[in-house]
Amino acid sequence: MKWLFYAFLILLGGVLLGLLAYQDPGYVLISRGEHTVEMTLSLFVSAIVIGFIVLYMLIRTVVRSWHVPARWRRWRKLRRRRKARQSSNRGLIELAEGNWRRAERALIKHVRESDTPLLNYLSAARAAQKQHAHERRDHYLSLAHNSAPGADIAVELTQAELQLAHGQLEQSLASLMHLQSLAPHHPHVLYLLVQLYEQLHSWGDLQVLLPQLDKYKVLSESEHDQLSKKVYLNLLQMNQHKAESLNNIWQQMPRDLRHDHALIEEYARHLIDLAQHDTAEAILRDAIKRDYNSELVRLYGLAKSSTPERQLQQAEHWLKGRENNANLLLTLGRLARRCELWGKARSYLEASLGNHELAETYRELGQLLDKLNEREQAAEYYRKGLLLGV
């Protein structure tokens, strides 16, 4: 539309000039030495206009010709970049589809012309890892670092992740330690450390890491709770033969975990094995009062506190509404036997067997009848207990 407007103006100007020239063509004389040139004014103006146009076109052609090599180089560069983008896209598609060899070739084919060489090298490293070509993987990671020196965290994160996936735990630990010095609170660094420490069974390191995982929301709430429980269960198991260390772990444990039945059971069982019976009895009593649990009640009967009469009295309070609970009746039988209440102990143990036959109940009853010199009946209970235990 713009060019049409300009053409109209030129045409209008030409018509006006033509009319002026028709009315008065004018006269122009050019003289130089013995030579003279005569023409009408309209012809002179036309010649100037035509000459200007020709000169403009000539200059424009020369200038465009001057820039042809640069434009050619720019065109070739754009063409190479376009091919590099196409190759990168094809490589990423092959990588996503699991075609590792084709992905690696496509990703590095035009990497020199790629707009994102870092992405190409990191993706090629992943493809090489899938082919178990670990030397090529490390080579691509080195090239990735050289292509973008400011991307140390991205490169080392990829390196640590690939080392961890390949089972190179020591190398992965070294990479992650260096990363943690660069970015102490990076969520993915912390997440990889969790995976690594779990594989190494390094529960003490995981215990130190737990507050940071919570602070920076590395895991979901349920995942964090599950990991915390796993860490402290393993720490209790590791320190089961050291009373002081065991108690320290329990004191370091968050308050909500000290209400967990599995952790209470683990802690109390080790306390009983270490003959810390009064401590175990207090822990179990408080836990059962807070939230009745049949397995904790069974352990309560194994805690040989210094006040068995009080233990028996406490356990009998739990009997109301649970008269058919085999574990509770077993515990009551054990406690009554410890208090040398032989008749009550026998009644509780027989009632427990009447509700559910347990090997340890048969064993307790056999030991009681041995004490009462009922050898034949005791032997029968031992036999039944052994059969249940097979």
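The values are calculated or read from the model by the stated rules, or taken from the named source; none is laboratory data. Given the structure is predicted, the values throughout are model-derived calculations rather than measurements. Quick reminder, even Gly has a Cβ in these numbers, built from the backbone with ideal geometry, and neighbours come from all protein chains shown. We work out accessible area using only protein heavy atoms, side chains counted, and drop any ligands, DNA or RNA first. Shrake-Rupley method; radii C 1.70, N 1.55, O 1.52, S 1.80 Å.
General remarks:
- Every residue from the range 238-260 that is surrounded by 13 or more Cβ atoms within 10 Å (Cβ to Cβ), of a type outside the set (Ser, Thr, Tyr) and assigned to a helix (DSSP H, G or I): 238, 243, 246, 247, 248, 249, 250, 257, 258, 259
- Any hit, the range 135-153, residues being open to solvent by 40 Å² or more (accessible area, probe 1.4 Å), within 30 Å of residue 207 (Cα to Cα) and out of contact with any strand residue (DSSP E or B) (no Cβ under 8 Å at 6 or more places or on another chain): yes
- Hits in the range 196-213 (condition: free of Cβ contacts under 8 Å to residues at least 24 places away in the same chain and open to solvent by 80 Å² or more (accessible area, probe 1.4 Å)): 208, 211
- Contact map, the range 294-317: first residue under 16 Å from residue 341 (Cα atoms), second residue open to solvent by 10 Å² or more (accessible area, probe 1.4 Å) and part of a helix (DSSP H, G or I), Cβ cut-off under 7 Å, separation 6 or more or different chains; pairs are 301/334; 304/277; 304/338; 308/338; 314/285.
- Filter pass, residue 315 being open to solvent by less than 40 Å² (accessible area, probe 1.4 Å), farther than 30 Å from residue 223 by Cα and in contact with a Leu (Cβ under 9 Å, 6 or more places away or on another chain): yes
- The one condition from (1) modelled with pLDDT of 90 or more; (2) small (Gly, Ala, Ser); (3) more than 24 Å from residue 252 (Cβ to Cβ) that residue 148 does not meet is (1).
- With a requirement of 2 or more residues that are modelled with pLDDT of 70 or more and farther than 30 Å from residue 157 by Cβ, the helices (runs of 4 or more DSSP H) lying completely within the range 9-127 that satisfy it span 41-66, 68-97.
- Inter-residue pairs, beta-carbon under 9 Å, first open to solvent by less than 40 Å² (accessible area, probe 1.4 Å) and in the range 356-372, second of a type in the set (S, T, N, Q), 6+ apart: 358/327; 358/352; 361/352; 364/352; 365/352; 365/377; 366/377; 369/377
- Scanning the range 269-306 for residues that are open to solvent by less than 50 Å² (accessible area, probe 1.4 Å) and hydroxyl-bearing (Ser, Thr, Tyr) returns 294, 300, 305.
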